[in-house]
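Nothing in this text is a laboratory measurement; each read-out follows from the coordinates by a stated rule. On a predicted model such as this, the values are computed, not experimentally measured, just so you know. Cβ placement follows ideal geometry from the backbone for every residue including glycine, while neighbour counts extend to all protein chains displayed.
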């Protein structure tokens with residue numbers, strides 16, 4: 001029997017209602033009947049699926065440390081921001097006389113004297129003569145070759161400098177663009193009927209210098225802006241009728257200068273261009289894409305440039321973060337942080353530049369401590385997770401990640417940030433967390449090969465204690481350095497500069513040398529002297545120094561090296577002398593130990609005296625330190 005037709009089905013639905021009633025009654029019955037059987041099967045399947053799902057939870061945490069990035073403060077969109085606005089140039093400016101006459105017509109209407117009218121006519125005549133000189137008869141009728149000679153340049157410069165001629169400025173900007181894009185001219189952007197050329201190298205350099213020095217001042221003069229104009233005034237220029245005609249000129253100047261800074265080979269030209277571009281940072285408010293490109297180029301120069309260029313690039317980033325909105329501050333901070341960590345992880349990176357990068361990044365973070373606090377909190381939390389994973393698993397890759405340049409320099413960055421702002425802002429939660437991380441790193445790196453990193457951990461704790469005024473114990477970390485087993489038969493090797501942050505592991509042949517033994521003792525004396533110097537006038541100094549002096553006396557009796565014994569003996573004598581001095585003052589005190597205010601004011605007058613014996617001794621140690629010698633040089 002074949003299928004029913006469309007009309008038959010409609011007839012059945014209308015007239016055979018009893019069939020539909022029967023179907024409605026049987027449908028829920030079959031659902032219930034098969035639901036029980038299927039329910040049992042589904043319940044069993046769910047139990048099996050739960051067992052399968054529970055298995056991944058039992059994965060060893062050794063695999064999880066790879067998923068914990070140090071630069072976790074970055075979002076997915078933050079990194080993409082830097083790749084926007086990197087398009088080609090808009091090409092040369094239009095030198096159509098009709099357009100220029102329209103612009104100058106507004107100026108003529110504003111000038112009611114006949115003398116100004118005559119001056120404008122003279123300018124037009126001069127420019128008409130210049131047009132005749134610029135046409136090269138050797139070229140075809142279609143292609144015009146405009147060559148910039150020294151005489152033409154001087155005439156245009158005089159018109160721009162004295163009369164602020166817009167037409168002369170347009171031509172200078174076109175030649176300036178040709179100079180900036182020399183050898184890098186993008187295809188399809190230049191006008192097909194005009195070719196801009198420069199006569200010689202002297203004219204080439206003059207047009208670059210003049211435009212870089214005078215363009216910003218000329219733009220502000222035409223628009224009626226002062227040199228100290230803020231971003232809000234630039235954004236209000238949209239209502240200014242002059243801005244519509246001047247906007248392409250400003251954009252051409254900024255874009256050409258960015259291209260020059262990015263592609264120039266001479267470092268002196270780049271430094272000069274960046275210095276002059278810093279004056280025009282406010283003008284980037286009207287061009288968000290160019291602003292993003294400026295941030296990207298400045299960060300690259302800040303990380304890779306030489307000392308002077310790196311400083312100028314940082315000043316631009318600092319001005320951007322101050323002038324523009326909070327999003328620009330976040331972009332600069334996140335991008336600089338990421339570039340800093342990447343540079344720390346490069347094996348060939350110059351270690352002398354890392355302190356400057358760190359200090360400049362700390363300076364930027366200090367501009368907005370509240371926003372930087374959030375980034376620092378997330379970053380330090382990631383450091384703590386990595387450290388916890390390494391302490392639990394003892395996995396080789398996890399431990400090596402703790403010893404990496406990224407980890408140690410990241411800790412160094414946030415230590416300096418907290419130390420710079422802990423007095424003015426409430427950063428105690430960050431202080432507590434970073435101290436726990438540093439103590440964990442010091443406990444993880446057991447062995448003489450990690451001497452430099454252990455010393456750096458103790459120096460970090462001393463630095464935080466000195467700036468915050470909070471007591472942070474370090475003695476337990478120092479004693480391990482005295483117990484390193486070394487031999488006295490090692491020869492004295494050549495002195496090599498090892499930085500605690502860049503060189504985490506010492507070479508094995510260094511451990512048997514006399515240099516290593518001296519380095520251990522001198523490091524112990526240096527960090528203990530700094531620790532005692534902070535509390536040398538505190539009422540509890542005798543109790544603080546008693547146990548360390550006992551350990552040093554034991555080492556003094558045990559050691560066979562006379563040169564090191566003299567250094568240790570002098571340190572013991574200086575500390576014991578200060579203990580006796582504080583003890584005498586404490587015996588003469590009339591207040592109760594429970595009087596906290598009087599205890600805090602104890603020996604405040606003596607503390608200001610720089611001629612105290614222990615203070616002078618500590619100053620002599622600081623002067624002999626390697627880092628102090630570098631700064632003096």
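Points worth noting:
- nm² value of the averaged projected area, convex hull over the Cα atoms of the stretch 370-432: 4.2 nm²
- Taking only the Cα atoms of the stretch 445-487, the ratio Rg/Rh comes out at 1.05, with Rh defined as the Kirkwood radius.
- Residue order for 444, 391, fewest other beta carbons within 10 angstrom first, comes to 391, 444.
- Rg to Rh, two decimals, where the stretch 499-587 supplies the alpha carbon set and Rh follows Kirkwood: 1.06
- Mean separation of Cα contacts under 8 Å (6+ apart) over length of the stretch 306-377, as relative contact order %: 27 percent
- Relative packing of 540-553, 327-340, 156-169, which averages over residues the other C-beta atoms within 10 Å, highest first: 327-340, 156-169, 540-553
- Extents of the stretch 261-359, largest first, come to 40, 30, 20 Å (Cα atoms, principal axes, whole angstrom).
- Principal axis dimensions, the stretch 536-596 - Cα atoms, whole angstrom, descending: 47, 15, 13
- Each peptide among 577-587, 302-312, 406-416 gets the average number of other Cβ atoms lying within 10 Å of its residues, and from highest to lowest they stand as 406-416, 302-312, 577-587.
- Kirkwood Rh (inverse of mean 1/r, distinct Cα pairs), the stretch 570-620, angstrom: 12.2 Å
- Taking only the alpha carbons of the stretch 328-466, we obtain Rg and Dmax values of 14.6, 45 Å in that order.
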